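Input: one structure, supplied below.
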Amino acid sequence: MKNIKDELQRIILGHEPAGEASQLKKIQCFLRSNAETSLAIKKQQRFKSEETAALLTFAGQGDIIYAPAIRESDFISEGAEQKVYRYDGSHVIKTNSGVFYECWLDYFNSLLIHNYFFPTTAYTFLGFKIIDGNLNAVVMQEFIVISEPTDLTAVKVFLEYNNFRNNRNNDYFNSELGLILEDLHGENVLSADGVLFFIDTVFYLTTSFYTV
């Protein structure tokens, strides 16, 4: 478990060389630096507003705007935080407003943690897009064709084997890693030929994540 925590801390807190970092990691590094140089946390709503303004400037300078049109004819589904669209024969794109997170840094941390644990359904960050006046992140992910309904008992067994304990409904906590994992209902974990695919995870870091 120590090695996993070390690796996750390196992913979340480390600074990769610019040439090696993914777009997702570059955005996360920018946001972390922006948070560190901000005054001590003000009201969270104000902080996220300032964070969004800084992101728009950074995205424009770094050509990280997702320019292609997103067609409503490609719409598949939506949840409280995102909409899903067909991209090609094997991928979907998702637009996410970050509403589940107090700040954008939390959202990008969650994506990086997801990619570490679930590389089969890893997110690729494509850019930012203004939709209905709000900043959205646009990510790409493999399209999973389901073959049976998800057995949430199997999800629980799998996660508890990996030290994520169910603490309420479809939410889990790993005390050794200091990670919260939420909202794992049957639409966020898919099943194909008996294999579980985690497609929409919501990770949060707790203070114990940062301890050695």
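A short reminder: the numbers here are calculations on the coordinates, not readings from a lab. Predicted model only: the values in this text are computed from it and were never measured. Heads up, the Cβs are rebuilt from the backbone with ideal geometry, glycines too, and the neighbour counts pull from every protein chain shown.
Percent of Cα-Cα pairs more than 18 Å apart in segment 105-153, please.
On the way: 562 of 1176 pairs.
That tail contains 48 percent of the Cα-Cα pairs.
Determine ³J(HN,Hα), in whole Hz, for all residues of segment 164-179 in sequence, where each value follows from phi through the Karplus function 6.51 cos²θ - 1.76 cosθ + 1.60 and θ = phi - 60°; x replaces Gly and Pro.
Ordered by residue, 3J(HN,Hα) equals 9, 8, 6, 10, 5, 6, 10, 10, 9, 9, 10, 5, 6, 8, x, 10 Hz.
Taking only DSSP H segments of four or more residues, each worth -39500 (n - 2.57), what value at 222 nm results for the chain once the sum is divided by all its residues, to the nearest 500 deg cm²/dmol? Walk me through the intermediate numbers first.
Working: 5 runs with 69 residues, N = 212.
Using -39500 (n - 2.57) per qualifying helix, the result is -10500 deg cm²/dmol.
For segment 80-96, in order, what is each residue's ³J(HN,Hα) by Karplus, 6.51 cos²θ - 1.76 cosθ + 1.60 with θ = phi - 60°, in whole Hz (x at glycine and Pro)?
Using θ = phi - 60°, the values come out as 5, 10, 7, 10, 10, 9, 5, 10, 8, x, 10, 9, 10, 10, 10, 9, 10 Hz.
Here's something else I'd like to know. Please list, short to long, the whole-number percent of alpha-carbon pairs of segment 132-212 in consecutive 5 angstrom bins beginning at zero.
It works out to 3, 14, 21, 20, 16, 14, 8, 4, 1, in whole percents.
Taking a temperature of 25 °C and a viscosity of 0.890 mPa s, what whole-number D in µm²/s does Stokes-Einstein yield for the chain with Rh from Kirkwood over alpha carbon pairs? If you can, show how the numbers build up before the last one.
Values: Rh = 18.2 Å.
The diffusion coefficient I find is 135 µm²/s.
If you take every residue apart from ALA154 with its C-beta less than 14 Å away from the C-beta of ALA154, what net charge results, scoring Lys and Arg +1 and Asp and Glu -1?
-3
Which one, GLN141, SER110, ILE64, projects farthest toward the positive side of the charge dipole computed for segment 2-142 from Cβ point charges (K/R +1, D/E -1)?
Selected residue: SER110.
For Cα pairs less than 8 Å apart in space and 6+ apart in sequence, what is the mean separation divided by the residue count of the chain, i.e. the relative contact order in percent?
On the way: 291 pairs, mean separation 37.3, N = 212.
The normalised contact order for the chain reaches 18 percent.
Can you tell me the FRET efficiency between ASN167 and ALA69 if r is taken as the Cβ-Cβ distance and R0 is 35 Å, rounded to the nearest 0.05?
Working: r = 42 Å, r/R0 = 1.20.
My answer for the efficiency is 0.25.
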